[in-house]
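The values are calculated or read from the model by the stated rules, or taken from the named source; none is laboratory data. This is a predicted model, so every value here is computed, not measured. A quick note on method: Cβ atoms are made from the backbone with ideal geometry, for glycine too, and the neighbour counts reach across all protein chains shown. The accessibility values were calculated without ligands, DNA or RNA, using every heavy atom of the protein model including side chains. Shrake-Rupley method; radii C 1.70, N 1.55, O 1.52, S 1.80 Å.
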Amino acid sequence: MTNPQTQMRREVLEIPVAVERLLKNGRDEIARASDALRSQNPAYLVSVARGSSDHVATYLKYASELLLGTPIASIGPSIASIYGKRLNLEGSACLSVSQSGKSPDIVEMARMARSGGALSIAMTNDPASPLAQVADHTLNLHAGPELSVAATKTFVNSAVVGIWLLAEWAEDDALRRSIQNLPSKLQQAVQIDWPEARAAIGNRNSIFCLGRGPAYAVSNEAALKFKETCQLHAESYSSAEVLHGPVSIVDGGFPVVALAARDEAEQALATVADEMALKGAKVFATSGKVAQATQLQTVRTDHPLTDPIALIASFYAMVERVAASRGINPDAPRHLKKVTETV
């Protein structure tokens, strides 16, 4: 008897359609927000987010710095909500990311950023949310209802709307084309679930996720999802950091998932993946540049900045299977609820 399909699985399979819907319906909002950024030409950006949304912000930080040369700094929402402080953000832009747009601390920080002089842009799946009300521009994720506690569609659509905004601001035609081609690439990516990695994870209680550059952001998201859906202790590290101490806990068969985009960081990450394999870890990498680690099947997009989006789609397909193999319902992780509202 086969197990019934989980809500998480259904939503992972809906990712290509959700992205297609965003690309169809989100153009006008993206155009207005990118025009505003181009007009203001901020010297820097700040991001406001928590959890999976903060991993999107990390992805956009790398993308902005690589694509535009414009740095993004993350601001802790508690600066406004708990400490009641006001920052001087004159001449900047603020990107706030929240699936629900309801968490009081995110809303308060976005409000403060706007009053502090920042151009405020909100990314949310609810354009009528409190967060949208305190923004100059709201980018609707168009992800559709997401019922599983673990965010999948909303993470991907947040990443897509963010990179689309940056591509339009930069007027980068190659990246624009890659974004428009994402639905077909993601349709392939969600069909991949890395059975060799799942077998190695088995009943292990700890795992490392590695990344570098924009792929480090999806490594962070992967580690969170292992914890949320599989009750598996997972830590994310930059491949530049993992050998500076964390590698000490690696023993024989210790599972490692290394997420590499096809960019300038791929070789460096592959080298570290091989070093860890030689130390006895069971390492799986989304790169053909590894010699000791096991290469995972990977869908490459048409641009290195969109590769991480396809990587996380395949990861989601895999982690749902890992949860099921452990007898865990990924739709209702213990101690968690869909919308977490922090002050």
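Once a ≥ b ≥ c are taken as the square roots of the eigenvalues of the Cα gyration tensor of region 4-54, is the result rounded (a/c under 1.5), prolate (a/b larger than b/c) or oblate (a/b not larger than b/c)? Taking the square roots of the gyration eigenvalues as a ≥ b ≥ c, region 4-54 is oblate.
Tell me, what is the per residue accessible area of region 1-111 in Å², probe radius 1.4 Å?
47 Å²
Would you work out which of Leu89, Leu147, Gly101 lies farthest towards the positive end of the dipole of region 30-155, given +1 charges on the beta-carbon of Lys and Arg and -1 on that of Asp and Glu, about the Cα centre? Of the candidates, Leu89 comes out farthest on the positive side. Shape of region 182-230 from its Cα gyration tensor (a ≥ b ≥ c, root eigenvalues): rounded if a/c is under 1.5, otherwise prolate when a/b > b/c, or oblate? Cα axes put region 182-230 in the oblate bin. The portion of the accessible surface of the chain made up by carbon and sulfur, rounded to a whole percent, is 47 (1.4 Å probe; DNA, RNA and ligands excluded). Residues Asp173, Asp274, ordered by accessible area of protein heavy atoms at a 1.4 angstrom probe radius and largest first, appear as Asp173, Asp274.
Here Leu182 sits with roughly 0 square angstrom of accessible surface, probe radius 1.4 Å. For region 9-96, what does the alpha-carbon gyration tensor say about shape, rounded, prolate or oblate, given a ≥ b ≥ c as the root eigenvalues, a/c under 1.5 as rounded, and a/b over b/c as prolate? Oblate, because a/c is 1.5 or more while a/b does not exceed b/c.
In this structure Arg177 has an accessible area near 150 Å², from a 1.4 Å probe over the protein heavy atoms. Among 187-197, 29-39, the peptide with the highest mean count of other Cβ atoms within 10 Å heads the list, and the full ranking is 187-197, 29-39.
Ordering Leu278, Met8, Leu119 by the projection of their Cα atoms onto the charge dipole of the chain, which places +1 on the Cβ of Lys and Arg and -1 on the Cβ of Asp and Glu, puts Met8 at the extreme positive end.
If packing is taken as the mean number of other Cβ atoms within 10 Å per residue, what is the order of 111-117, 76-82, highest first? Don't skip to the answer; put the middle values down first.
Details: 111-117: 19.7, 76-82: 18.1.
Descending packing order for the listed peptides: 111-117, 76-82.
Near Thr138, once Lys and Arg are set to +1 and Asp and Glu to -1 for all other residues with Cβ below 13 Å from its Cβ, the sum equals -2. Between Ala285 and Ala258, Thr294, Gln295, Leu296, the built amide H atoms are under 5 Å apart, and every one of these is 5 or more places off in sequence or on another chain. The angle between the Cα long axis of helix 104-115 and the main principal axis of the chain comes to about 40°, on a 0 to 90 degree scale. Converting phi to 3J(HN,Hα) with the Karplus coefficients 6.51, -1.76 and 1.60 and the offset θ = phi - 60°, region 282-299 yields 9, 10, 10, 9, 8, 8, x, 8, 7, 10, 9, 6, 8, 7, 9, 4, 9, 9 Hz in sequence order, with x at every glycine or proline. Between the Cα long axis of helix 214-230 and the first principal axis of the chain there is an angle of about 70°, rounded to the nearest 10.
Between helix 266-278 and the chain there is an angle of about 30 degrees, using the helix long axis and the longest principal axis of the Cα atoms.
Compare Asn88, Asn329, Asn181 in a GNM of the chain, Cα atoms joined below 10 Å, and give the one with the largest fluctuation. Result: Asn88 has the largest fluctuation of those listed. What the phi angles of region 154-170 give under the Karplus curve with 6.51, -1.76 and 1.60, with θ = phi - 60°, is a coupling list of 5, 4, 4, 5, 5, 5, 5, 5, x, 6, 5, 4, 5, 5, 6, 4, 7 Hz, glycine and proline written as x. Near the amide H of Leu139, within less than 5 Å, lie the amide hydrogens of Ala122, Met123, Thr124, all on another chain or at least 5 residues away, with H placed in the peptide plane.
Would you list Val149, Val283 from the most to the least accessible area, probe 1.4 Å? If you can, show how the numbers build up before the last one.
Working: Val149 25, Val283 5 Å².
The ranking, largest first, comes out as Val149, Val283.
Roughly how big is the chain's charge dipole about its Cα centre, with Cβ charges of +1 (Lys, Arg) and -1 (Asp, Glu), in debye to the nearest 20?
Working: 33 positive and 35 negative charges, 139 e Å.
Charge dipole of the chain: 660 debye, to the nearest 20.
Stokes-Einstein diffusion of region 59-116 at 25 °C, 0.890 mPa s viscosity, Kirkwood radius from Cα pairs, rounded to a whole number: 200 µm²/s. Give me the base-10 log of I(q)/I(0) for the chain at each q in 0.12, 0.14, 0.15 Å⁻¹, Debye formula, one uniform scatterer per Cα, rounded to two decimals. Log10 I(q)/I(0), no solvent term: -0.81, -1.10, -1.25.
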